[in-house]
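Trainee: Could you have a look at this structure, given as structure tokens, before my questions?
The values are calculated or read from the model by the stated rules, or taken from the named source; none is laboratory data. Source: prediction; values computed, not measured. When we count neighbours, we look across all protein chains shown, and the Cβ atoms used for this are built from the backbone with ideal geometry, even at glycine. What goes into the accessible areas is simple: the full protein's heavy atoms, side chains included, and nothing from ligands, DNA or RNA. Shrake-Rupley method; radii C 1.70, N 1.55, O 1.52, S 1.80 Å.
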Amino acid sequence: FYVIKKTTSAMATKKVIVIGGGIAGLSAGIYSRVNGFETHVFEASEKLGGVCQSWSRNGYQVNGSIHWLMGSGPGNEFYEMWRELGVIENTSFYHHSSFIEYVGDGGTKIHLFTDVDKLEHHLLTLSPADAVPIHEWMEAIRTLSKYPMPLPEADPMRMAWSAARILFTEFPLVRSLIQWQPVSLRQFAQRFQHPAIKELLETFWHPEMSMIFFIMQQAFANMGAASYPLGGSGTFVEKLFDRYDYLGGHLHMRSRVEKIIVKDGCAQGIALTDGTSHKADYVISTADGYQTLFHFLGERHLPDKLKNIFEDLTPFPGMFYFSAGVRQTFDEIPPSISGFSMPLYNPVKVGNATHARSAFQFYTFDPTLADTGRTLITAMFHTDFGFWKNVYDTDITQYRNERQRVIQNILDNLEMRFPGLRERLDFADGATPMTYVHETGNYHGSYEGWLPTPKALRYQIPTELPEVKNLFLAGHWVAAGGGMPPAAFTARQAVQRVCREEDLRFSGTMALKYA
């Protein structure tokens with residue numbers, strides 16, 4: 001492995017080891033350095049970013065993760081967190097006017113506008129008979145736009161103060177949470193008479209996700225605070241690394257953790273697969289939850305609640321991530337946050353799941369990903385991990401053939417929608433759940449941890465273990481819903497807890513002096 005090291009004026013008193021170099025790991029590294037700790041980030045692979053990666057293919061930069069950044073604009077606490085982490089300054093954002101462009105099975109077009117007034121008018125024009133659920137939905141977006149969700153705090157006193165403030169000064173937010181959190185997208189869809197609106201809600205994301213999660217994303221978009229950072233995942237991760245590097249953090253690449261060293265009920269460092277060990281006063285694991293709990297630690301250190309969590313909650317399903325580069329501009333496709341959702345001419349079987357439609361993202365709005373006149377296209381297809389693991393373990397040639405079959409089936413559908421596309425194709429690729437396992441170690445290839453179902457959002461996922469002091473957990477597996485904001489704010493919380501143990505006052509805004 002290699003180490004990148006710089007020094008700053010900050011005097012390190014205690015040592016923090018961070019496992020994982022994704023969004024959560026780099027964020028934990030930044031906050032640890034800002035608060036004066038000697039910090040070492042250990043990443044198993046050859047690339048930083050975890051799930052939030054980009055890669056090069058035939059002159060294209062494939063954006064492997066980011067669709068929008070919740071907190072990209074001012075007026076909310078997530079924006080301040082991203083400023084602390086150094087990803088706002090000198091970043092250009094594309095502000096989409098639509099969350100998704102949707103073509104129903106019957107040809108009906110729905111524009112899920114980011115502006116709530118425009119969206120309400122559009123939906124009422126489309127289906128006057130659904131006025132009641134439309135008005136309730138739109139009012140929820142307006143409420144969360146006026147009272148955006150606060151940044152979660154780790155300190156009990158700050159948490160209590162934040163809860164009291166919300167209860168007494170932002171009661172409409174509390175009322176919306178109570179009303180919408182128990183309702184799934186599928187359940188809300190049943191209230192609509194219009195088949196295309198019902199279909200959109202059931203297929204937009206996962207039908208069992210909580211409506212409050214969906215409404216929250218729409219509210220941030222309505223505020224102008226859910227925009228896309230040009231450059232995508234690769235540029236975003238580079239900015240995080242630059243801030244961490246400038247602050248004097250140590251980075252260890254290709255350093256795979258074998259176990260967390262626990263002695264006398266206290267985490268004291270890590271042991272790597274190469275036989276070396278590294279001592280520390282604190283360990284923050286942002287790695288895969290299952291790997292951390294059952295491999296790095298072992299069941300003897302786990303409370304029953306954590307042992308059962310992988311049975312109690314549902315992770316995001318595995319994913320087949322399709323990408324292609326085409327010498328075409330696709331000017332007829334309106335840009336949107338989540339892409340252009342259309343019925344497939346021929347259903348695509350991916351593992352044991354059959355898809356009758358898909359949302360394709362045409363990156364016509366990001367000129368940094370391809371040369372002029374060329375467009376990157378991506379699409380995500382949910383699939384089952386068991387199928388891909390079985391074929392991978394049984395016959396690697398069959399695995400590669402199956403992956404290629406899926407790619408060709410997707411291209412067939414694109415060709416039927418855009419005749420001549422194959423003649424202008426520069427590349428086509430696909431990542432399976434096994435790709436995610438190899439690159440990130442994620443449990444069953446799940447790309448965002450726990451699915452934000454109503455049950456999961458009520459579940460208090462532990463970030464500390466009573467049996468192991470000085471160990472803190474952060475990342476997708478301690479906050480249902482996944483994505484970059486939970487990765488970053490759980491890392492922030494972990495460092496808050498380290499500061500609590502050291503009787504130090506946590507500082508996040510101090511990072512701004514290094515901007």
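Trainee: Considering only residues that are out of contact with any Leu (no Cβ under 7 Å at 6 or more places or on another chain), open to solvent by 30 Å² or more (accessible area, probe 1.4 Å) and in a strand (DSSP E or B), look in region 404-447 and name the one that is nearest to TYR392 (Cα to Cα). Talk me through it step by step, then tell me what you get.
Mentor: Taking region 404-447 and keeping what is out of contact with any Leu (no Cβ under 7 Å at 6 or more places or on another chain), we get 404-412, 416-420, 423-427, 429-447.
With open to solvent by 30 Å² or more (accessible area, probe 1.4 Å) added as a condition, the list becomes 404-405, 408-409, 412, 416-417, 419, 423-426, 429, 435, 437-440, 443-444.
Okay, now just the ones that are also in a strand (DSSP E or B), so 425-426, 429.
Details: LEU425: 28, ASP426: 27, ASP429: 17 Å.
Checking each candidate, the answer is ASP429.
Trainee: Could you tell me whether region 109-117 includes any residue that is over 17 Å from GLY231 (Cβ atoms) and part of a helix (DSSP H, G or I)?
Mentor: Taking every residue of region 109-117 in turn, at least one turns out to be over 17 Å from GLY231 (Cβ atoms) and part of a helix (DSSP H, G or I).
Residue-wise test of (1) aliphatic (A, V, I, L, M); (2) open to solvent by 20 Å² or more (accessible area, probe 1.4 Å); (3) in contact (Cβ under 8 Å) with a residue 24 or more places away in the chain; (4) in a loop (DSSP other than H, G, I, E, B).
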residue	(1), (2), (3), (4)
ILE309	yes, no, yes, no
PHE322	no, no, yes, no
ASP331	no, yes, yes, yes
PRO335	no, yes, yes, yes
TYR345	no, yes, yes, no
VAL348	yes, no, yes, no
SER358	no, no, yes, no
THR364	no, yes, yes, yes
LEU376	yes, no, yes, no
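Trainee: Note down all Cβ pairs under 7 Å where the first residue falls in region 164-193 and is in a helix (DSSP H, G or I), the second is at pLDDT below 75 and not basic (Lys, Arg), and they're at least six residues apart or on different chains.
Mentor: From region 164-193, the pairs are LEU173/ILE166; VAL174/ILE166; VAL174/LEU167.
Trainee: Among the residues of region 251-266, write down those that are under 19 Å from ILE23 (Cβ atoms) and either assigned to a strand (DSSP E or B) or in contact with a helix residue (DSSP H, G or I) (Cβ under 8 Å, 6 or more places away or on another chain) (or both).
Mentor: Passing the criteria: LEU251, HIS252, VAL257.
Trainee: If you don't mind, another one. Does region 446-454 include one or more residues that are aliphatic (A, V, I, L, M) and in contact with a helix residue (DSSP H, G or I) (Cβ under 9 Å, 6 or more places away or on another chain)?
Mentor: No.
Trainee: Give the residues of region 282-307 that are part of a loop (DSSP other than H, G, I, E, B) and farther than 14 Å from ALA44 by Cα, sorted by residue number.
Mentor: Within region 282-307, GLY298, LEU302, PRO303 qualify.
Trainee: Among the residues of region 448-462, how many are open to solvent by 20 Å² or more (accessible area, probe 1.4 Å) and either in contact with a Phe, Trp or Tyr (Cβ under 9 Å, 6 or more places away or on another chain) or among the hydroxyl-bearing types (Ser, Thr, Tyr) (or both)?
Mentor: Within region 448-462, residues that are open to solvent by 20 Å² or more (accessible area, probe 1.4 Å) and either in contact with a Phe, Trp or Tyr (Cβ under 9 Å, 6 or more places away or on another chain) or among the hydroxyl-bearing types (Ser, Thr, Tyr) (or both) number 5.
Trainee: Filter region 194-225 down to the residues that are part of a loop (DSSP other than H, G, I, E, B), under 18 Å from LYS146 (Cβ atoms) and open to solvent by 10 Å² or more (accessible area, probe 1.4 Å) and list them by number.
Mentor: MET223, GLY224
Trainee: Please work out which one of (1) under 22 Å from GLY49 (Cα atoms); (2) at pLDDT 95 or above; (3) hydroxyl-bearing (Ser, Thr, Tyr) is the condition THR276 fails and give its number.
Mentor: (1)
Trainee: Let me ask something else. Hey, ASN470 hits all of (1) on the phi < 0 side of the Ramachandran plot; (2) open to solvent by 10 Å² or more (accessible area, probe 1.4 Å); (3) modelled with pLDDT of 95 or more but one; which does it fall short on?
Mentor: So the condition that ASN470 fails would be (1).
Trainee: Is there a residue in region 273-281 that is over 15 Å from GLU258 (Cβ atoms), of a type outside the set (Lys, Arg) and not in a loop (DSSP other than H, G, I, E, B)?
Mentor: No, because not a single residue in region 273-281 is over 15 Å from GLU258 (Cβ atoms), of a type outside the set (Lys, Arg) and not in a loop (DSSP other than H, G, I, E, B).
Trainee: Pull out all pairs, ordered by first then second residue, where Cβ-Cβ is under 7 Å, the residues are six or more apart or on different chains, the first lies in region 111-134 and is without any contact (Cβ under 8 Å) to a residue 24 or more places away in the chain and β-branched (Val, Ile, Thr), and the second is assigned to a helix (DSSP H, G or I) and surrounded by fewer than 18 Cβ atoms within 10 Å (Cβ to Cβ).
Mentor: Listed pairs, sorted by first residue: ILE134/LEU124.
Trainee: Only one of (1) over 22 Å from GLN187 (Cβ atoms); (2) open to solvent by 30 Å² or more (accessible area, probe 1.4 Å); (3) in a helix (DSSP H, G or I) fails for MET81. Which number is that?
Mentor: The one condition MET81 does not meet is (2).
Trainee: Looking at the structure I just gave you, is LEU369 part of a strand (DSSP E or B) and either surrounded by 16 or more Cβ atoms within 10 Å (Cβ to Cβ) or touching a Gly at 6+ places or on another chain (Cβ under 9 Å) (or both)?
Mentor: no
Trainee: Can ASP130 be described as acidic (Asp, Glu), at pLDDT 95 or above, part of a helix (DSSP H, G or I) and exposed (fewer than 14 other Cβ atoms within 10 Å of the Cβ)?
Mentor: For ASP130, the condition - acidic (Asp, Glu), at pLDDT 95 or above, part of a helix (DSSP H, G or I) and exposed (fewer than 14 other Cβ atoms within 10 Å of the Cβ) - is not met.
Trainee: What is the residue count in region 47-72 for residues that are aromatic (Phe, Trp, Tyr), open to solvent by 30 Å² or more (accessible area, probe 1.4 Å) and over 13 Å from GLU439 (Cβ atoms)?
Mentor: Result for region 47-72: 1.
Trainee: Mind checking which residues of region 15-46 are open to solvent by 20 Å² or more (accessible area, probe 1.4 Å) and either polar (S, T, N, Q) or free of Cβ contacts under 8 Å to residues at least 40 places away in the same chain (or both)?
Mentor: The one that is open to solvent by 20 Å² or more (accessible area, probe 1.4 Å) and either polar (S, T, N, Q) or free of Cβ contacts under 8 Å to residues at least 40 places away in the same chain (or both): ASN35.
Trainee: Just one of THR378, THR368 is more than 28 Å from LEU200 (Cα to Cα), modelled with pLDDT of 95 or more and hydroxyl-bearing (Ser, Thr, Tyr); which is it?
Mentor: One residue alone meets the criteria, THR368.
Trainee: Please go through region 102-121 and pick out each residue that is more than 13 Å from ALA221 (Cα to Cα), crowded, with 16+ Cβ neighbours inside 10 Å and out of contact with any Asp or Glu (no Cβ under 7 Å at 6 or more places or on another chain).
Mentor: Answer for region 102-121, where residues must be more than 13 Å from ALA221 (Cα to Cα), crowded, with 16+ Cβ neighbours inside 10 Å and out of contact with any Asp or Glu (no Cβ under 7 Å at 6 or more places or on another chain): TYR102, VAL103, THR108, ILE110, GLU120.
Trainee: Just one of (1) at pLDDT 95 or above; (2) of a type in the set (S, T, N, Q); (3) surrounded by 18 or more Cβ atoms within 10 Å (Cβ to Cβ) trips up THR125, so point out which.
Mentor: Going through (1) at pLDDT 95 or above; (2) of a type in the set (S, T, N, Q); (3) surrounded by 18 or more Cβ atoms within 10 Å (Cβ to Cβ) one by one, THR125 breaks only (3).
Trainee: Would you be able to tell me the number of residues in region 474-491 that are without any contact (Cβ under 8 Å) to a residue 60 or more places away in the chain and open to solvent by less than 10 Å² (accessible area, probe 1.4 Å)?
Mentor: Going through region 474-491 one residue at a time, the tally reaches 0.
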